[in-house]
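Worksheet: the structure to be examined is printed underneath.
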């Protein structure tokens, strides 16, 4: 069965623009065309779209998805390369978690500067946000 792009996107649960993007990025093979020049996607296209979407839901970068799709074409090969892709993604997630923990810490410290109930021009949070020089703005010598 062949599906036009709108139906293919609907069946996979994404937008038409997403299907076009994956096609342009080389993650999805170019579909056949109808006599009216409409894209016609096969079940194989839909399977690949689902695979790509699942990878993206795990925040796997497009280049790694491209590698996984290549590896998928050699089913008898060892899966150590696939393990490596996932191990790298786990490392990226670990770094993101550490970064988010630091962000939370910084926000909590900022929030703890204000006892509440003051007017905005006396707010210690606003003063701290305005007086920060750690992002290349030499407002003061203070580091965040």
Quiz item: Restricting attention to region 75-107, and to residues there that are modelled with pLDDT under 95 and out of contact with any helix residue (DSSP H, G or I) (no Cβ under 9 Å at 6 or more places or on another chain), which single residue is nearest to residue 47 (Cα to Cα)?
Solution: 75
Practice problem: Go through region 1-21 residue by residue and tally those that are in a helix (DSSP H, G or I) and either on the phi > 0 side of the Ramachandran plot or touching a strand residue (DSSP E or B) at 6+ places or on another chain (Cβ under 6 Å) (or both). | Solution: 2
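Of the residues that sit in region 22-41 and are assigned to a loop (DSSP other than H, G, I, E, B) and under 12 Å from residue 3 (Cβ atoms), which one is nearest to the chain's Cα centre (by Cα)? Working first, answer last.
Step one: of region 22-41, the residues assigned to a loop (DSSP other than H, G, I, E, B) are 25-31, 34-38.
Adding the requirement that they be under 12 Å from residue 3 (Cβ atoms) leaves 31, 34, 38.
Values: 31: 25, 34: 33, 38: 29 Å.
Top of the filtered list is 31.
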Quiz prompt | Qualifying positions in region 24-43 - under 22 Å from residue 67 (Cβ atoms) and free of Cβ contacts under 8 Å to residues at least 12 places away in the same chain | solution = 24, 30
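Any idea how many residues of region 11-20 are exposed (fewer than 14 other Cβ atoms within 10 Å of the Cβ) and either more than 18 Å from the chain's Cα centre (by Cα) or more than 17 Å from residue 62 (Cα to Cα) (or both)?
Adding up the residues that qualify gives 2.
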Quiz item: Given the structure, is residue 42 modelled with pLDDT under 95, in contact with a strand residue (DSSP E or B) (Cβ under 8 Å, 6 or more places away or on another chain) and surrounded by 11 or more Cβ atoms within 10 Å (Cβ to Cβ)?
Solution: no
Practice problem: Please enumerate the residues belonging to region 66-92 that are within 16 Å of the chain's Cα centre (by Cα) and surrounded by 12 or more Cβ atoms within 10 Å (Cβ to Cβ). | Solution: 66, 85, 86, 88, 89, 92
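The values are calculated or read from the model by the stated rules, or taken from the named source; none is laboratory data. This is a predicted model, so every value here is computed, not measured. No Cβ is skipped: glycine too gets one built from the backbone with ideal geometry, and neighbour counts run over all protein chains shown.
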